[in-house]
Amino acid sequence: MIKKHSFFYFLVYLIFVLPVLVDAQTTQSDGKRSNTIQTAAPFLLITPDARSGAMGDVGVAISPDANSLHWNPAKMAFLDKPTGLSVSYTPWLRNLVPDVDLGYLTMYHRLDKRNTIGGALRYFSYGSIQLTDNSQNDIGVYSPNEFSIEGTYSRRFGNEFSLGTAIRYIRSSLSNGQFNGQDIQPATALAADASAYYKTGTVLLGRDAELAFGLNISNIGTKMSYSTNGSKSFLPTNMKLGAASTFMLDELSTLTFALDLNKLLVPTSPIRDAGGQIISGKDSDRSVPSAIFGSFSDAPGGFSEELSEISYSAGAEYWYNKQFALRSGYFYETPTKGDRRYFTVGAGLKYNVFNLDFAYILANQQTSPLAQTLRFSLVFNFEK
């Protein structure tokens, strides 16, 4: 028999046990019932780049860059450089574990004035887990990981509107052993994004400005399973809707304000009685299309709980002379749906063909595992 580091069992608990037990919702100290939505491959929703990470995780409607592949593929059609790439790195959950990391590589190429293609690789590492036998003899090291590979395409229609899509392959490998008598194997899935972007020039508060709106429905795809006959989990299909306004303060300065609303398009677990019968809500065992359309009306708490499933991101960005940027933001999630709440700050520097960005999460160190999270991005924009 092989014994593994306790973090391995934590991972298996998240994937296998928690989705089964989630129907027995917990009650908070204020009397409200906690009913967090569970999905497979949640790493797909982690903010991968430092620019948006410094703006409270907004990104669907802010000006396009090489990381638009994650936030809104449609924005790529408005990139002003012919070719670019970005490399981002995030040490994740460092308040809990020392070696969990997220890496993100993107690249794009503009085919002509209307059409742009791109690709991205996202790699999430859970670090190394020491394997031992019953006698505590060292028998090797295992490294659980998840990754996705995607290709994107966007097309511009006129000077103000664009559409985009992405196709994504996802692989999640969390174990090389057994759990509850079942062989655990890597889970795989295919997913797609559908997105739109609109921007227009205007005058606001007596200043020249640009308004932008974005919509991205991401990770529409097949369910994932870690065993041949095991249960299948939904991907984190997510709808992101946002707006941004950029003010031209003077010849050298611009100021952007942005707001994003996010909602998972997966089933909310119903309330069951002691016998397992549903007493409120709807059965979460359904097809992907049914889950997406039903996600707006399946919460056991009714419309008020549906509203509580929306998380909010707000951010601001100041650019001076298109060379130096200051950023800040705030992310809010309802306590009964995860309770992530934090401020973010960051800065950016543009020199010649590259941008260097960093972001930092300001959260309560005692209550938030995301406290002191750093993100770094290096973006290259190449001329012809």
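Every number in this text was worked out from the coordinates using simple rules, so none of it is lab data. Just so it is clear, the model here is predicted, and its values are computed rather than measured. Note that we place each Cβ from the backbone using ideal geometry, even for glycine, and neighbour counts take in every protein chain shown.
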Quick one: in the stretch 353-384, which of the residues that are touching a residue at least 24 places away in the same chain (Cβ under 8 Å) and among the aliphatic types (A, V, I, L, M) is farthest from Ser68 (Cα to Cα)? Ala371
How many residues are surrounded by fewer than 19 Cβ atoms within 10 Å (Cβ to Cβ) and among the acidic types (Asp, Glu) when one looks only at the stretch 327-384? 2
Of the candidates Ala54, Ala41, Ala74, Ala61, the one satisfying the condition of being of a type outside the set (Phe, Trp, Tyr), touching a strand residue (DSSP E or B) at 6+ places or on another chain (Cβ under 9 Å) and over 18 Å from Ile217 (Cβ atoms) is Ala54
Residue hits (the stretch 239-253; outside any strand (DSSP E or B) and in contact with a strand residue (DSSP E or B) (Cβ under 8 Å, 6 or more places away or on another chain)) are Leu249, Leu252
Given the conditions (1) more than 29 Å from Ser304 (Cα to Cα); (2) of a type in the set (S, T, N, Q); (3) loosely packed, with under 14 Cβ neighbours inside 10 Å, every one holds for Gln277 apart from (1)
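Which ones in the stretch 327-367 are small (Gly, Ala, Ser) and over 24 Å from Ser34 (Cα atoms)? Give the steps one after another, and end with the answer.
Step one: filter the stretch 327-367 for residues small (Gly, Ala, Ser), giving 328-329, 338, 346-348, 359, 363.
If the condition is that a residue be small (Gly, Ala, Ser) and over 24 Å from Ser34 (Cα atoms), then Ser328, Gly329, Gly346, Ala347, Gly348, Ala359 are the ones that fit.
Among the residues of the stretch 193-224, which ones are acidic (Asp, Glu) and surrounded by 21 or more Cβ atoms within 10 Å (Cβ to Cβ)?
Taking the stretch 193-224 as the starting set, the residues that turn out to be acidic (Asp, Glu) are 193, 208, 210.
Within the stretch 193-224, Asp193 is the sole residue that qualifies.
Might you check whether a residue that is part of a strand (DSSP E or B), buried (at least 18 other Cβ atoms within 10 Å of the Cβ) and touching a Lys or Arg at 6+ places or on another chain (Cβ under 9 Å) occurs anywhere in the stretch 225-238?
yes
Determine, yes or no, whether Glu305 is farther than 30 Å from Asp357 by Cα, acidic (Asp, Glu) and within 24 Å of the chain's Cα centre (by Cα).
Numbers: farther than 30 Å from Asp357 by Cα: yes; acidic (Asp, Glu): yes; within 24 Å of the chain's Cα centre (by Cα): yes.
In short, yes.
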Cβ pairs under 8 Å, 6+ apart or interchain, first in the stretch 78-102 and in contact (Cβ under 8 Å) with a residue 12 or more places away in the chain, second among the acidic types (Asp, Glu) and surrounded by fewer than 19 Cβ atoms within 10 Å (Cβ to Cβ), ordered by first then second residue, are Lys81/Glu383; Pro82/Glu383; Tyr89/Asp101; Thr90/Asp101; Pro91/Asp101; Trp92/Asp101
Out of the stretch 184-211, which residues are without any contact (Cβ under 8 Å) to a residue 60 or more places away in the chain and not in a strand (DSSP E or B)? Gln185, Pro186, Leu205, Gly206
Could you go through the stretch 254-267 and let me know if any residue there is under 16 Å from Ser34 (Cα atoms), touching a Gly at 6+ places or on another chain (Cβ under 8 Å) and part of a loop (DSSP other than H, G, I, E, B). yes
Quickly run through the stretch 323-351 and pick out the residues that are within 19 Å of the chain's Cα centre (by Cα) and among the aliphatic types (A, V, I, L, M). Val345
